[in-house]
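The values are calculated or read from the model by the stated rules, or taken from the named source; none is laboratory data. Note that this is a predicted model, so its numbers are computed, not measured. Cβ coordinates were reconstructed from backbone atoms using ideal geometry, including for glycine residues, and neighbour counts include every protein chain displayed.
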Amino acid sequence: MQRALMQFFKPENYFEVREALIQAGRADLIGGCEGLIAGQPPKEAIKARRRQANAAANADHYHTVPNPRQNKGYRPGRVSQTPTPETRPRTEGERLVTTDFRPSSGTSS
């Protein structure tokens, strides 16, 4: 309270100074020509209060997904999602057997 009253000239401390003056019973020093602080808060005081509120909200709040997917990948259930013989994982020793015939480039008939 004392620190706020000593730094009444800083716009960021407007709300603290106002509360301190009200607690001290000196609401007559708020606003008017003879007032210690203005009747309406300055823009800097409002910005400082928003910064403090956002910092407090961001510190203890985070977004979560209630039921995250269990590694289903992109667009599960689609025909293109099922692995083809060329792309499915193989066990050790298993080879890829192709059924299409590709003539070698070195022979000509």
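Looking across region 1-38, the residues that are at pLDDT 90 or above and surrounded by fewer than 14 Cβ atoms within 10 Å (Cβ to Cβ) come down to GLU19, ILE22, GLN23, ALA24, GLY25, ARG26, ALA27, ASP28.
Residues in region 50-69 that are part of a helix (DSSP H, G or I) and surrounded by fewer than 10 Cβ atoms within 10 Å (Cβ to Cβ) were compared, and the one that is modelled with the lowest pLDDT is ALA59. Among the residues of region 20-49, write down those that are in a helix (DSSP H, G or I) and under 32 Å from the mean Cα position of the chain (by Cα). Across region 20-49, the qualifying residues are LYS43, GLU44, ALA45, ILE46, LYS47, ALA48, ARG49.
Of the set (1) surrounded by fewer than 12 Cβ atoms within 10 Å (Cβ to Cβ); (2) at pLDDT 90 or above, all apply to GLY73 but (2).
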